[in-house]
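Enquirer: Next up is a structure, given as structure tokens.
The values are calculated or read from the model by the stated rules, or taken from the named source; none is laboratory data. All of these numbers come straight from a predicted model, not from anything done at the bench. Quick reminder, even Gly has a Cβ in these numbers, built from the backbone with ideal geometry, and neighbours come from all protein chains shown. The area values use the complete protein model at the heavy-atom level, side chains included, leaving out ligands, DNA and RNA. Shrake-Rupley method; radii C 1.70, N 1.55, O 1.52, S 1.80 Å.
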Amino acid sequence: MSRQADIERRLDNLSTHVRHYTDGVSETTDGLLARGRRAVGRFNRADTGKRIARAAEDFADEANYQYRRLRRQANRHPVATAAIVAGTVGALFLLYRTLRRDSEN
């Protein structure tokens with residue numbers, strides 16, 4: 001086989017591989033664009049503002065309920081509450097020290 005024929009064969013193989021990769025990239029890009037359009041379509045609906053407002057109100061109500069519940073428990077069981085807080089703070093410090101040791105190594 002001549003050198004020119006070998007070069008042509010390699011270029012044909014290369015062009016086949018390039019076409020294959022670009023087809024894959026094209027399909028992936030089309031899929032991502034379609035997903036993006038669907039996501040934007042969900043947020044462009046007329047009731048999106050209402051749904052976000054309702055979700056924010058529900059979140060605020062839940063936070064208020066949890067705060068009142070915690071206050072009630074702290075008033076009824078002050079020693080248990082102090083122990084829970086101390087344990088949580090201790091666990092956070094231990095986690096912080098462990099993560100600092102890992103990042104120093």
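Enquirer: Determine the share of the chain's accessible area contributed by carbon and sulfur atoms, expressed in whole percent, with a 1.4 angstrom probe.
Expert: Numbers: 5750 of 9820 Å².
Carbon with sulfur: 59 percent of the solvent-accessible area.
Enquirer: Something else about it: What shape does region 28-105 have by the C-alpha gyration tensor, where a ≥ b ≥ c are the square roots of the eigenvalues, rounded means a/c under 1.5, and otherwise prolate means a/b greater than b/c and oblate the rest? Don't jump to the answer; show the numbers that get you there.
Expert: Numbers: a/c = 6.98, a/b = 1.47, b/c = 4.74.
Oblate, since a/c reaches 1.5 and b/c is not below a/b.
Enquirer: Please say if region 53-96 is rounded, prolate or oblate, where rounded means a/c under 1.5 for a ≥ b ≥ c the square roots of the C-alpha gyration tensor eigenvalues, and otherwise the choice is prolate for a/b larger than b/c and oblate otherwise?
Expert: Working: a/c = 7.14, a/b = 1.53, b/c = 4.66.
Cα axes put region 53-96 in the oblate bin.
Enquirer: Also, quick follow-up: How much accessible surface does GLU57 have with a 1.4 Å probe, in Å² rounded to 10?
Expert: Taking all protein chains as shown, GLU57 has close to 110 Å².
Enquirer: Tell me the angle of helix 78-104 to the major Cα principal axis of the chain, expressed in degrees between 0 and 90 and rounded to the nearest ten.
Expert: Once rounded, the angle reads 30 degrees.
Enquirer: To the nearest 500 deg cm²/dmol, what mean residue ellipticity at 222 nm is calculated for the chain from DSSP H runs of n ≥ 4 alone, each contributing -39,500 (n - 2.57), summed and divided by the residues? List each step's numbers first, then the result.
Expert: On the way: 3 runs with 97 residues, N = 105.
Mean residue ellipticity at 222 nm (helix-derived): -33500 deg cm²/dmol.
Enquirer: Could you tell me whether region 26-68 comes out rounded, prolate or oblate from its Cα gyration tensor? Rule is a ≥ b ≥ c as square roots of the eigenvalues, rounded for a/c under 1.5, then prolate if a/b exceeds b/c, otherwise oblate. Could you put the intermediate results ahead of the total?
Expert: Details: a/c = 9.79, a/b = 2.67, b/c = 3.67.
Taking the square roots of the gyration eigenvalues as a ≥ b ≥ c, region 26-68 is oblate.
Enquirer: Sticking with this one: Farthest toward the dipole's positive end in the chain, which of HIS77, ALA60, THR28, given Cβ charges of +1 (Lys, Arg) and -1 (Asp, Glu) about the Cα centre?
Expert: HIS77
Enquirer: A further question follows. If you count only protein heavy atoms with a 1.4 Å probe, what accessible area per residue comes out for the chain, rounded to a whole Å²? The partial results should precede the final answer.
Expert: Working: 9820 Å² over 105 residues.
On a per-residue basis, 94 Å².
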